[in-house]
1. What number of residues within region 64-79 are farther than 11 Å from ILE91 by Cβ and open to solvent by 90 Å² or more (accessible area, probe 1.4 Å)?
2. TYR40 fails exactly one of the following numbered conditions: (1) open to solvent by less than 60 Å² (accessible area, probe 1.4 Å); (2) out of contact with any Ser or Thr (no Cβ under 9 Å at 6 or more places or on another chain); (3) over 30 Å from TYR134 (Cα atoms); (4) aromatic (Phe, Trp, Tyr). What is the number of that condition?
3. Only one of these conditions is not met by ASP59: (1) out of contact with any helix residue (DSSP H, G or I) (no Cβ under 7 Å at 6 or more places or on another chain); (2) among the charged types (D, E, K, R); (3) open to solvent by 80 Å² or more (accessible area, probe 1.4 Å); (4) modelled with pLDDT of 85 or more. Which number is it?
4. Kindly provide the set of residues from region 95-139 that are open to solvent by 80 Å² or more (accessible area, probe 1.4 Å) and not in a helix (DSSP H, G or I), ordered by number.
5. Go through (1) assigned to a helix (DSSP H, G or I); (2) closer than 15 Å to ILE28 by Cβ; (3) modelled with pLDDT under 85; (4) out of contact with any helix residue (DSSP H, G or I) (no Cβ under 6 Å at 6 or more places or on another chain) and name the single condition VAL165 misses.
6. Across region 88-126, which residue is farthest from VAL58 (Cα to Cα) among those that are within 14 Å of the chain's Cα centre (by Cα) and acidic (Asp, Glu)?
Amino acid sequence: ISMKRIILTLMFAMATLGIASAQKYCVIDSEKLFKSLDEYNKAMTTLDELGKAYQTEVDNKYKSIESLFNNYMAQKSSLPASTQTSIEQQILQKEQEAQKFQQELFGENGTLMKKRVELIKPIQTKVFNAIEAYAKANGYDLVLDKASNASILYFNNAIDHTARVIEQVMLENLNSKNRF
């Protein structure tokens with residue numbers, strides 16, 4: 001490697017460090033921020049209740065299959081082979097239907113996920129817009145989230161602006177309610 005290349009690399013590194021140190025940043029705890037919002041807590045309660053109700057439905061389907069299977073096992077020795085095969089196929093079909101039903105409720109594109117998006121997405125949009133507005137209004141170039149970033153090993157509480165952003169979100173909620 002030539003001396004010129006080393007010098008250029010060092011100059012680039014120093015320039016990058018100079019730019020990085022000039023940036024203004026703050027830390028936000030998004031988990032704390034979201035939990036401070038009544039609408040978020042209500043949405044999460046609704047989702048929890050819906051999830052429990054859906055799980056009860058799924059559990060009931062599997063209990064029905066288990067009962068069918070237990071009855072079959074109790075009678076199996078006295079049944080002809082063709083009836084055994086028919087009942088076994090019926091049990092397998094019911095298991096497949098239950099699995100499909102469970103996937104329709106809890107899967108990646110399931111009913112619960114769609115409801116989650118419906119309830120949470122508008123709240124997330126509002127919060128992220130408030131964070132962006134707060135950052136722009138206060139001249140921050142970077143906002144870090146300490147709730148979801150496990151790689152932050154240390155930060156000074158002086159740069160944690162969660163409470164200020166919560167205040168801004170609350171003010172925006174008040175202003176949007178007063179407009180109507």
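1. 3
2. Every condition holds for TYR40 apart from (3).
3. Unmet condition: (3).
4. Scanning region 95-139 gives GLU108, ASN109.
5. Of the numbered conditions (1) assigned to a helix (DSSP H, G or I); (2) closer than 15 Å to ILE28 by Cβ; (3) modelled with pLDDT under 85; (4) out of contact with any helix residue (DSSP H, G or I) (no Cβ under 6 Å at 6 or more places or on another chain), the odd one out for VAL165 is (4).
6. GLU118
The values are calculated or read from the model by the stated rules, or taken from the named source; none is laboratory data. Since this is a predicted model, take the numbers as computed values, not measurements. Please note: Cβ atoms are built from the backbone with ideal geometry, for glycine as well, and neighbour counts cover all protein chains shown. When the accessible area is computed, the model is the full protein with side chains, heavy atoms only, and any ligands, DNA or RNA have been set aside. Shrake-Rupley method; radii C 1.70, N 1.55, O 1.52, S 1.80 Å.
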